[in-house]
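In what follows, a structure is listed as structure tokens, so that the remarks can point back to it.
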Amino acid sequence: MNFKQSEALEILERTPTVLTHLLSGLSHEWLRGNEGGNSWNSLEVVAHLIECEKNNWIPRISSILSNNENEPLPLFDRFSHLGKETEMEELLREFKQSRQQSLYQLGAFKLSTFDLNKTGLHPEFGSVTLQQLLSTWAVHDLTHINQITRVLAKRYSFEVGPWKRFLSILK
């Protein structure tokens, strides 16, 4: 097992800063680009991360810690952020504040090794452990950082010309 709560926190603590440095001040063209179809642009990804802070991670952690493993975890609508127009600077500020609050709440739980093995009933996956949820939270951040950088890179997919074959992010 590789999971260590302190290591997961290293990622969770850094994500707002990473996104701020990556996205703050970028032009409308960079922020509105997506991969086509129903894919999300950078604004929508950050809005999604905010929704997760408010309605996913901490509510589900609280549910698992309540020791009622037969009660389903709170539902989370992964798409509830769509259609809300907001500027990136505002989203980044809100995400930073929401994440700080979530990490404060997480610290207040004073989780033990025993707690990490507690389970909750996910509406789709069935029984999941708190450790799995915390691991997912960190990897979820990395997934969306990857998504954002991939969307940004694809904006110049044609313009890079023959170098495209060496740029794995464009494949």
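Compared with the dominant Cα axis of the chain, that is its longest principal axis, helix 5-23 is turned about 30°. Extension gain for THR136-LYS84 works out to 16.2 nm (0.36 nm per residue, less the C-alpha to C-alpha distance).
Would you list, by chain and number, the lysines whose Cα falls below 24 Å from the Cα of LYS171, excluding same-chain residues fewer than 8 positions away? Answer for LYS171, where 24 Å is the Cα cut-off: LYS154, listed by chain and number. Near SER98, once Lys and Arg are set to +1 and Asp and Glu to -1 for all other residues with Cβ below 14 Å from its Cβ, the sum equals -2.
Spin-label model, THR17 to ILE169: label points 7 Å out along the Cα-to-beta-carbon direction sit 2.1 nm apart. Placing unit charges on the Cβ atoms only, positive for Lys and Arg and negative for Asp and Glu, gives the chain a dipole magnitude near 500 debye about its Cα centre. Between LEU75 and HIS122, the contour length at 0.36 nm per residue exceeds the Cα-Cα span by 16.1 nm. May I ask for the net charge around LEU12, where only other residues with Cβ less than 14 Å from the Cβ of LEU12 are counted and Lys, Arg are +1 while Asp, Glu are -1? Charge balance in the 14 Å sphere: -1. Expressed as a whole number of Å, what is the distance separating the alpha-carbon centroids of the stretch 1-51 and the stretch 93-171? Here the two parts' Cα centres lie 8 Å apart. By how many degrees, between 0 and 90 and to the nearest 10, does the Cα long axis of helix 88-108 differ from the longest principal axis of the chain? Helix 88-108 and the main axis of the chain meet at about 20 degrees. Where Rh is the Kirkwood radius over the Cα pairs of the chain, the temperature 25 °C and the viscosity 0.890 mPa s, what D in µm²/s does Stokes-Einstein return? It comes out at roughly 141 µm²/s.
Couplings for the stretch 40-47, taken from phi via the Karplus curve 6.51 cos²θ - 1.76 cosθ + 1.60 with θ = phi - 60°, read 9, 8, 4, 4, 5, 5, 5, 4 Hz in order; Gly and Pro are left as x. Distance between the pseudo-spin-label points of PHE3 and ASN68 (7 Å out from Cα toward the beta carbon): 2.3 nm.
We did not get these values from a lab; they are worked out from the coordinates using the rules stated. A quick note: this is a predicted structure, and the numbers were derived from the prediction, not measured. Reconstructed Cβ throughout: ideal geometry from the backbone, glycine too, with neighbour counts over all protein chains shown.
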